[in-house]
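Undergrad: Please read through the structure below; I'll follow up with questions.
The values are calculated or read from the model by the stated rules, or taken from the named source; none is laboratory data. These figures come from a predicted structure and were not determined experimentally. Here Cβ is always computed from backbone atoms with ideal geometry, including for glycine, and neighbour counts include all displayed protein chains.
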Amino acid sequence: MDELTSENINVSTWKIPSPLGIIGSHANGEFNGMTASWITQVSMEPALIGVGIDNKSVTYDLMTKSEHFTINMFSPEYTKVFVKFSKPAEYSEGFLNKEAVTLTENSVPIFDNAKVWFELKTINKIDFGTHTFFVGEIINCKTLTPDERVAYMGDTRMKYGGVPRGGH
Ligand SMILES: Cc1cc2nc3c(=O)[nH]c(=O)nc-3n(C[C@H](O)[C@H](O)[C@H](O)COP(=O)(O)O)c2cc1C
């Protein structure tokens, strides 16, 4: 059998089909949006979604200090938004990286351009090493165009996952 290498793990894990979304977060007057692909439903009753968040990210910091976050999904024609949010975002009244956002009652940002969004309340989190899996209960959500699909990783040339590389 072939030896298990980082390269093996990378090319294999990158094959796992992934969704793509932007996680909206807020704590103590600080806001962020972060491109994320580790997003999955984990229970029906209650309706829960889990997200895997890098322990070194701004989003991790904000999600640890607050109980709420959002997941925003976009049209396949609008994948450039994921490039904009693969580094910490700048917030100015009503905008994150110049993308219009609306704050929920819990002060977490929903992207005005999102085709589907969820607002979640964190009910559990597990630290697995480099990443923490946050599980949130859906407290609100909306699908704006039910007949259209949203963008996923395969619509882009982006990748995420595998083993840590330089700069991770
Ligand atoms: C296509 C793509 C998917 C990503 N998926 C995730 C993810 O699921 N979880 C995560 O923690 N970071 C993910 N990242 C990395 C973050 O977007 C990036 O490190 C980041 O913006 C740092 O987060 P911060 O702005 O909260 O500091 C992904 C990046 C890209 C380009």
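Undergrad: Can you tell me which residue is nearest to the ligand (Cβ to nearest atom) among those in segment 61-76 that are among the hydroxyl-bearing types (Ser, Thr, Tyr) and in a loop (DSSP other than H, G, I, E, B)?
TA: The qualifying residue nearest to the ligand (Cβ to nearest atom) is 66.
Undergrad: Ok, one more. Within segment 30-60, work out how many residues are among the acidic types (Asp, Glu) and either more than 8 Å from the ligand (Cβ to nearest atom) or surrounded by fewer than 17 Cβ atoms within 10 Å (Cβ to Cβ) (or both). So that I can check it myself, show each step before the final result.
TA: So in segment 30-60, the residues among the acidic types (Asp, Glu) come out as 30, 45, 54.
From the residues that got through so far, the ones that are either more than 8 Å from the ligand (Cβ to nearest atom) or surrounded by fewer than 17 Cβ atoms within 10 Å (Cβ to Cβ) (or both) too are 30, 45.
Adding up the residues that qualify gives 2.
Undergrad: Can you find a residue in segment 37-48 that is modelled with pLDDT of 95 or more and in contact with a Phe, Trp or Tyr (Cβ under 6 Å, 6 or more places away or on another chain)? Spell out how you get there, then give the answer.
TA: Filtering segment 37-48 for residues modelled with pLDDT of 95 or more gives 37-48.
Next, only the ones that are in contact with a Phe, Trp or Tyr (Cβ under 6 Å, 6 or more places away or on another chain) stay: 37.
Looking for residues that are modelled with pLDDT of 95 or more and in contact with a Phe, Trp or Tyr (Cβ under 6 Å, 6 or more places away or on another chain), one finds at least one in segment 37-48, hence yes.
Undergrad: From the list 154, 94, exactly one residue is touching a residue at least 12 places away in the same chain (Cβ under 8 Å), more than 10 Å from the ligand (Cβ to nearest atom) and not acidic (Asp, Glu). Which is it?
TA: On the way: 94 fails: touching a residue at least 12 places away in the same chain (Cβ under 8 Å).
Unique residue meeting the criteria: 154.
Undergrad: Next question, about the same structure. For segment 97-114, how many residues meet the condition of being β-branched (Val, Ile, Thr), within 16 Å of the ligand (Cβ to nearest atom) and under 25 Å from residue 124 (Cβ atoms)?
TA: Residues of segment 97-114 that are β-branched (Val, Ile, Thr), as a first pass: 101-102, 104, 108, 110.
If we keep only those that are within 16 Å of the ligand (Cβ to nearest atom) too, we end up with 101, 108.
Filter once more, so that each one left must be under 25 Å from residue 124 (Cβ atoms): 108.
Of the residues in segment 97-114, 1 are β-branched (Val, Ile, Thr), within 16 Å of the ligand (Cβ to nearest atom) and under 25 Å from residue 124 (Cβ atoms).
Undergrad: Output the number of residues of segment 20-29 satisfying the condition of being within 9 Å of the ligand (Cβ to nearest atom) and assigned to a strand (DSSP E or B).
TA: Kept after step one, since they are within 9 Å of the ligand (Cβ to nearest atom), are these residues of segment 20-29: 20-23, 25.
Filter again for assigned to a strand (DSSP E or B), leaving 21-23, 25.
Number of matching residues: 4.
Undergrad: Same structure, new question: Could you check, for segment 5-19, whether at least one of its residues is within 11 Å of the chain's Cα centre (by Cα) and either within 14 Å of the ligand (Cβ to nearest atom) or surrounded by 15 or more Cβ atoms within 10 Å (Cβ to Cβ) (or both)? Full working, then the answer.
TA: Of segment 5-19, the ones within 11 Å of the chain's Cα centre (by Cα) are 19.
The next check asks that each one be either within 14 Å of the ligand (Cβ to nearest atom) or surrounded by 15 or more Cβ atoms within 10 Å (Cβ to Cβ) (or both); those that pass are 19.
The answer is yes; a qualifying residue exists.
Undergrad: Are there any pairs, at least 6 apart or on different chains, whose C-beta atoms fall under 7 Å, with the first in segment 70-90 and of a type in the set (Val, Ile, Thr) and the second within 13 Å of the ligand (Cβ to nearest atom) and assigned to a helix (DSSP H, G or I), and if so, which?
TA: From residues that are of a type in the set (Val, Ile, Thr), the pairs are 79/155.
Undergrad: Condition (residue is of a type outside the set (Lys, Arg) and touching a strand residue (DSSP E or B) at 6+ places or on another chain (Cβ under 6 Å)) applied to segment 153-168: is it met by at least one residue?
TA: Quick first cut of segment 153-168, residues of a type outside the set (Lys, Arg) only: 153-156, 158, 160-164, 166-168.
Retained after the next criterion (residues that are touching a strand residue (DSSP E or B) at 6+ places or on another chain (Cβ under 6 Å)): none.
No, segment 153-168 contains no residue that is of a type outside the set (Lys, Arg) and touching a strand residue (DSSP E or B) at 6+ places or on another chain (Cβ under 6 Å).
Undergrad: Would you check which residues across segment 138-168 are among the basic types (Lys, Arg) and within 19 Å of the chain's Cα centre (by Cα) and list them? Give the steps one after another, and end with the answer.
TA: Start the filter on segment 138-168 by keeping residues that are among the basic types (Lys, Arg), which leaves 142, 149, 157, 159, 165.
Once the filter is applied, which keeps residues that are among the basic types (Lys, Arg) and within 19 Å of the chain's Cα centre (by Cα), segment 138-168 yields 142, 149, 157, 159.
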